[in-house]
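Below is one structure; the comments refer to it alone.
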Amino acid sequence: MTEIEDWNYISLGQIKSTNDEARQYCIEPNQKTIVRAESQTAGRGRRGRKWASGKGNLYFSMAFEFDLKNVGNLVMISSLSLAQVIEEYNPNARPSLKWPNDVLINNCKLSGILIEKGEGNYVIMGIGINVATTPKKKYLLYKATSLHENDINCTAEEFLIAYVKKFNQNMMLLQKAQKLMLRGEWLKRACGIGQQITVCRENKVERGIFVGIDENMALLLNNRGRISKILAGDVFFNNGDVR
Ligand code: BTN
């Protein structure tokens, strides 16, 4: 086992899913573990979808202790950290954040984050980033892009190291009561606020104007003057920017 910053780092070849593999590191207290795989045979996305996981892209999961009642903070800094690392590599890439935690470049999806409950106090935060390739169209709910398509020619591991550093910094800021500042950084990059959107939830589809995000990262939707708070769902922009 090696390390990235203060995280134990396990790098594997082909496995089923890094989120599943990371679960075994949620037993002893005070552990911080990253499991990375070269490819996954059963990579999964949010809401039970498949995450295409061929060689060449980055797939990893971070297992650590975190109070899930603050999951909104994690949703916020996990995606903000990705956008900030992309900006450091290529200031012209202009990544945007799509609620809840997707990173887009030119309205195309670059990455996805799946946060699951681990054992006890642990969370497992799995991240997939298109580094070199984009998955075949049949696997895509949204148009996709990759780092390489945006002139970021780092390796998957280089990106991972930069990400962990940024994530640690943002986690530190969160602990130093800098949530408002981080929230401002997230909102500065948010896409679609003020626009007409469609949100597909578990059992229903809602339409309205995306008016903002509350302090727990719930989406606020205005449907003819009635504001609803949405905790989970897929957002589609009605202007057709992202299918
Ligand atoms: C999404 O639907 O946008 C979230 C995708 C999360 C994919 C990552 S890849 C690494 C980790 N292992 C998994 O099986 N899923 C996550």
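The values are calculated or read from the model by the stated rules, or taken from the named source; none is laboratory data. Computed from a predicted structure; not experimentally measured. Cβ: placed from backbone, ideal geometry, glycine included. Neighbour counts: every protein chain shown.
The residue that is nearest to PHE236 (Cα to Cα), counting only those in region 183-212 that are basic (Lys, Arg) and without any contact (Cβ under 8 Å) to a residue 12 or more places away in the chain, is LYS204. Per the conditions (1) within 13 Å of the ligand (Cβ to nearest atom); (2) at pLDDT 95 or above; (3) farther than 20 Å from ASN168 by Cα, the sole criterion not satisfied by ILE105 is (1). For THR2, the stated conditions hold: it is out of contact with any helix residue (DSSP H, G or I) (no Cβ under 7 Å at 6 or more places or on another chain), away from the ligand (no atom under 14 Å from the Cβ) and of a type in the set (Ser, Thr, Tyr). Only a single criterion out of (1) within 9 Å of the ligand (Cβ to nearest atom); (2) among the polar types (S, T, N, Q); (3) farther than 20 Å from LYS143 by Cβ; (4) outside any strand (DSSP E or B) is not satisfied by GLN84, namely (1). What residue, among those in region 41-62 that are of a type in the set (D, E, K, R) and assigned to a strand (DSSP E or B), is farthest from the ligand (Cβ to nearest atom)? Step by step, filter region 41-62, then rank; the result is LYS50.
Return yes when LEU97 is touching an Asp or Glu at 6+ places or on another chain (Cβ under 6 Å), modelled with pLDDT of 95 or more, more than 9 Å from the ligand (Cβ to nearest atom) and among the aliphatic types (A, V, I, L, M) and no when it is not. No: the conditions fail for LEU97. When the residues of region 184-210 are filtered to those that are charged (D, E, K, R) and in a loop (DSSP other than H, G, I, E, B), the one that is farthest from GLN84 (Cα to Cα) is LYS204.
Here is the figure for region 63-81: residues that are within 13 Å of the ligand (Cβ to nearest atom) and assigned to a helix (DSSP H, G or I) total 3. Residue count for region 15-32 under the criterion of being surrounded by 18 or more Cβ atoms within 10 Å (Cβ to Cβ) and among the β-branched types (Val, Ile, Thr): the result is 2.
Within the option set GLU215, GLU157, GLU149, GLU202, being within 27 Å of TRP7 (Cβ to Cβ) and charged (D, E, K, R) holds for one residue only, GLU157.
If you take the residues in region 172-192 that are of a type in the set (Lys, Arg) and surrounded by 14 or more Cβ atoms within 10 Å (Cβ to Cβ), which one is farthest from ASN107 (Cα to Cα)? In this case the residue turns out to be LYS179.
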